[in-house]
1. Quick one: of the DSSP bridges fully inside the protein assembly as shown, what percent are antiparallel, nearest 5?
2. Calculate one ³J(HN,Hα) per residue across the range A:45-56 by plugging θ = phi - 60° into the Karplus curve 6.51 cos²θ - 1.76 cosθ + 1.60, and present them in order as whole Hz with x for glycine and proline.
3. Amide H to amide H, which residues 5 or more places from A:ASN52 or on other chains are under 5 Å from it, using H placed in the peptide plane?
4. Spelling out what I want: for every residue of the range A:186-201, take phi, set θ = phi - 60°, compute 6.51 cos²θ - 1.76 cosθ + 1.60 (Karplus), and round to whole Hz; glycine and proline get x.
5. With θ set to phi - 60° and the Karplus curve 6.51 cos²θ - 1.76 cosθ + 1.60, what are the ³J(HN,Hα) couplings of the range B:71-87 in order, to the nearest whole Hz, using x for Gly and Pro?
6. Among rounded, prolate and oblate, which fits the range A:223-267 when a ≥ b ≥ c are the square roots of the eigenvalues of its C-alpha gyration tensor, a/c under 1.5 means rounded, and a/b larger than b/c means prolate?
7. Mind listing the long-range amide H neighbours of A:THR236? Cut-off is under 5 Å, sequence gap 5 or more, other chains count too, H placed in the peptide plane at 1.01 Å from N.
8. Averaging over every viewing direction, what projected area does the convex hull of the Cα atoms of the protein assembly as shown cover, in nm²?
Amino acid sequence: MVTRRELLLGTAGGWLLQRVRAGEAALSDAADTLTALAGKKPLIRRAFRPPNFETPLADLAAPFTRNDAFFVRYHLAVIPRVDPGTWRLQIAGASAQHPLTLSLRELRSGFEQVSVAAVNQCAGNRRGLFTPRVPGVQWGSGAMGNALWRGVRLRDVLHRAGVAPDALEVVFDGADSPILPATPDFLKSLPVERALDENTLIAFEMNGQPLPHWNGAPARLVVPGWVGTYWVKHLTAIRIEPKAFDGFWMKAAYRVPTGAFPGSRFTTQENAETTPVTELMVNSLITSHVSGARLRRGERAELAGQAWDGGAGIEGVEVSADRGQSWRDAALQRDLGRFAWRGFRFALDTSRAGPLEMAVRARSRGGAKQPDTLTPNPSGYHDNIVQSVSLEVG
Amino acid sequence: MKAARRRAPLLLLSLAPAGACGLLWAAAGEEAVRLKDAPGRDLTTGRCILCHSLEYIPSNAPAMNRAAWQKSIQKMKERFGAPITDEEAKQILDYLDGSYSGKS
C-alpha cells in the first residue's frame with residue numbers, strides 16, 4: 001500500500017525541507033516514506049541525518065537520472081554548504097612533487113574539460129533485499145543513478161602536482177565531517193593507477209547543471225565503473241602518497257571477502273581475509289513493472305529497465321518467461337557509453353490470462369552474467385542476482 | 001575535512017524524554033522518529049541520537065538479534081567513539097534486544 005500521509009516538515013537549521021506529499025512513490029516503494037531535501041523532489045527516506053535518500057523506481061526509467069531525483073548518501077552528519085567562490089582544492093602528499101591549491105575557476109579553466117556518462121551506484125544498493133539480512137542502511141534498488149558528469153581529468157590535475165615514481169595511493173577528503181572528533185572522518189583512497197585512469201574525473205557538473213549540494217557541490221570525484229563510496233563529494237583535499245592509506249573507511253569498512261568477487265583488485269589494501277569492494281558487478285533493474293502489477297489481456301505492454309556493469313559495457317539482456325528454462329534477447333536502447341547503463345525493452349505476451357513471471361539477466365561484454373544466487377558477505381554488497389517480477393494478466 | 005571546520009559541541013543534547021528536542025544537529029523532521037516505549041528508551045534515545053537520527057535503529061531491526069546489537073553497540077563505542085559507559089551499554093542492549101530484534 002502506498003502511504004498517503006502528508007508530512008509537514010519544519011525548516012529548523014535551514015537544513016532540509018519543504019512541505020511534501022508522501023505517496024507519489026513507485027508501486028514498489030509501498031511502505032516507504034517520501035521526504036524532500038532542499039532542492040530535491042521527494043525521495044525514499046532511509047535516514048534524516050545523515051541524509052540517506054533513495055531514488056524511487058519510476059525515476060530510474062529515464063536514460064539519465066534527474067539531478068533532483070538522484071540518490072543522496074552520507075555517513076557523517078556535518079555537511080557544510082560550500083561557497084564555490086572561496087572553495088579551494090589542495091593537492092599535496094608525500095609523493096606530490098609540487099603541491100598546489102586550485103580555486104574552482106582555476107580548476108575549470110586550467111585543464112581540458114571532459115564528460116563521461118556513468119552509473120553511480122552505492123556499494124550497499126539493495127542491502128535491504130539481502131538474505132540473510134545484514135545491518136547497514138537498508139537500501140532498496142534506488143541507491144543508484146546514471147548521469148552525464150562533466151569536469152576535468154583527475155590525472156591532469158595530479159600531473160600538475162607531479163606524481164613521484166613511488167606514489168602508491170591517492171587519498172581524497174571532502175568537506176563533510178563527523179559530529180564527534182572521535183568518529184573517523186570520511187576519507188577514501190584509490191590505487192594510483194585508477195586515479196591516473198583517463199576516465200576518473202573531478203566533476204563539477206551533472207547532467208549539464210552545477211552539481212547539486214547533496215551530490216557533492218562544488219566538485220566531486222567520479223570513478224566510472226567503481227562503487228559510489230570512492231566518488232568523494234565536496235572534495236577539499238587530495239594527497240598523493242607512497243604508502244597504503246590506513247583510515248577506517250578503507251581498512252575496516254567497504255570490504256568484501258578476498259577472492260569472493262571478480263573485477264579489479266585494490267592490492268595495496270588487500271589482506272588474506274578481506275579486500276575493498278571495487279568494481280560494479282553486471283546487473284539489471286526492471287523499471288517498468290513491480291511484482292503484483294496487473295495487465296489487461298491483449299494489452300500491448302513492454303517490460304523495460306536498465307542494465308549496467310563495471311565498464312566492459314552491456315552486450316545483451318535476456319528475458320525468461322518460464323523461470324529460466326529458456327531466454328530470449330531483449331532489445332537494447334541507445335548506447336550511452338560503457339560506464340552508463342543500457343536501457344532494454346521486451347514485448348510482454350498478454351494473450352493468455354494468468355500469472356506471468358518475468359526474469360531478466362544481463363551479460364557484459366566481458367562475458368560476465370548475472371548469477372542466480374547471492375555471494376554472502378557481511379556488509380551485503382554486490383547483490384546482482386537475476387531479478388524477476390510476478391505479473392498477472394486478466 | 002579537519003576539525004577546525006567542525007561546529008561546536010553537541011552535548012547540548014537534552015536527555016529529556018522527548019529526546020530529539022534539544023539536539024543541536026537534528027535535521028528538520030527527525031523529531032517525529034521515536035523509539036518504542038519500554039524501559040531503557042530514554043537512555044537509548046539520548047545515547048544513540050548523537051551522530052545520526054534514530055531511524056538507524058528500527059530500520060535495522062530485521063537484521064538484528066541480541067548478539068548483533070551487542071556487536072553494533074560495541075562498534076558505535078569503539079570505532080565511532082560513542083560516549084556510552086559499560087553500565088549504560090548493558091541497559092541499552094536489553095532495550096534494543098527487547099524492542100528491535102527482528103532477525104528470524
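1. Counting only bridges with both partners in the protein assembly as shown, antiparallel ones make up about 95 percent.
2. Those phi angles translate into 8, 9, 7, 5, 8, x, x, 10, 10, 10, 6, x Hz.
3. Close amide H contacts, sequence-distant or interchain: A:ARG46, A:ALA47.
4. 8, 10, 10, 10, 10, x, 4, 5, 6, 5, 8, 5, 5, 8, 7, 10
5. Calculated HN-Hα couplings, in order: 5, 5, 4, 4, 4, 4, 6, 7, 8, 9, x, 5, x, 9, 7, 4, 5 Hz.
6. prolate
7. Answer set, sorted by chain and number: A:ASP173, A:GLY174, A:ALA175.
8. Over all viewing directions, the protein assembly as shown projects a mean Cα-hull area of 23.5 nm².
The values are calculated or read from the model by the stated rules, or taken from the named source; none is laboratory data. Remember, it's a predicted structure, so these values are computed and weren't measured experimentally. Cβ coordinates were reconstructed from backbone atoms using ideal geometry, including for glycine residues, and neighbour counts include every protein chain displayed. Please note that ligands, DNA and RNA were not included when accessible areas were found on the heavy atoms of the full protein model with its side chains. Shrake-Rupley method; radii C 1.70, N 1.55, O 1.52, S 1.80 Å.
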